[in-house]
Amino acid sequence: MVALRKTPVSTGSAGASHLIEKVARQDREAFSQLYDRCSPLVFTLAMRMLRERSDAEDLLQEVFVQVWRQAANYNEERGSPEAWIINIARSRAIDKLRSTRRRDQSFVLTDDPSGAESSENVESSVADSEAKMTMNSALANLPETQRRVLELAYFDDLTQTEIAERLSEPLGTVKTRMRAGIQRLRDMLTSQAV
Amino acid sequence: MATEHESWRAQGEIYALGALDGQELKDFETHLASGCQICEAYLRETREALMLLHRAMPQLEPSPAVKAKIFDRIERENVVPLPVKPRSTGRRWQMLTGTIAAGVIGAVIAGVFYSKRYEPRHTVYTAVVNLLRDPATRDYPLYGTGPTPTARGRFLWNESGEGHIFVSNLPRAPEGKMYAVWTIAQAAAPLYVGTIATDAAGQGGLHINSTRSEKPMETFAVTLEPVGTTAAPTGPMVLVSKGPAA
């Protein structure tokens, strides 16, 4: 059973930046605090993308070992510590997804809508485990068409062309929906910051 | 300026999402590699916004055992001073050492300066000097290619598996990207040996402590990769060797 907890939406990046600086100096206590602060965020993303607890925990390990090794490379001018860590996590999760897809001969992206549904059903049955999550509030505020393309890109690592094929929609339509969805998210972020 | 950037911003949003592909992806990465600050900033903001996709989800707690495993790993990987390894000897060692030392001494000084941000200065300095003293060390010039044709570098490589790379005129990696360093042995897949960061002047250095291969290394390369990519190169090559210096 996966434990749930509510976390504040506020990033609190200033504190995390301070912790990263200390981690770069091999401060284990700071690393422990950074882990406590960011591990639920990374683990939630990993579960959503990889769907298996063991895979998600392996990824969590890899991500934080990399954070320990490369904390000196973090540049505050280029984004929050959380964004840096999440970027590492997402890149590694994408590597795993692609590796799994290469190995799994049965995983075939199709432009046949019925085939696509079938494929999604297989994924859904896997996701029926503890990895299946409640729709978050940010996504819930998006129109279904925008939400769908963002999810397929962000969590399932599909490109714009692959999404257009999967949904049998023109590429231009997919791009428009993606941009509209991102703009809404940007607006939400701005309103939170005010 | 803002109007000029409308099309880049449109591509940048989809790039931040990880969904840009084809020629648009190549064009945008080339644009980013040119050092566009407007697009860098926009990408940064967009990535923060995209985090809302999972930040507001009910957060899942990993098992406490995971944290213990991570601390166990970092304890076992604790940084230790580089040992001074016994070196092989050869008839031409004096000539080779002199040639290499004369050719790279300037790069050593610069590389050590930039490397000190990431590694203890004296450790890197000692390691590089030891490399230069060793007749088995070879000097591989690196040439810019792909989006960074004017970049240059040198790769000092020792058959023991130790090496040091210096780069210059290589712009900082775009947001979400890193420069991955690879060694490639005969008929073998590229092996990731580290990540190199560059400063505002485009310079950087990285020491490689131990990368052993049963086959001799043939090629050394640097590619631009999404952060975290270590399994195999996927992005454009930015620097590559063409054989040891004569």
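Bear in mind these aren't lab numbers, they're just calculated from the coordinates by the rules spelled out. No experiment lies behind these values; they were computed from the predicted model shown.
To the nearest whole percent, what portion of all C-alpha pairs in region A:142-194 is separated by more than 14 angstrom? Working shown, then result.
Numbers: 691 of 1378 pairs.
Pairs farther apart than 14 Å: 50 percent.
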Using modelled backbone amide H atoms (1.01 Å from N, in-plane), which distant-in-sequence or interchain residues come within less than 5 Å of B:TYR140's amide H? B:PHE155, B:LEU156, B:TRP157, B:ALA245
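When only Cα pairs under 8 Å and 6 or more residues apart are kept, what is the percent relative contact order across region B:135-246?
32
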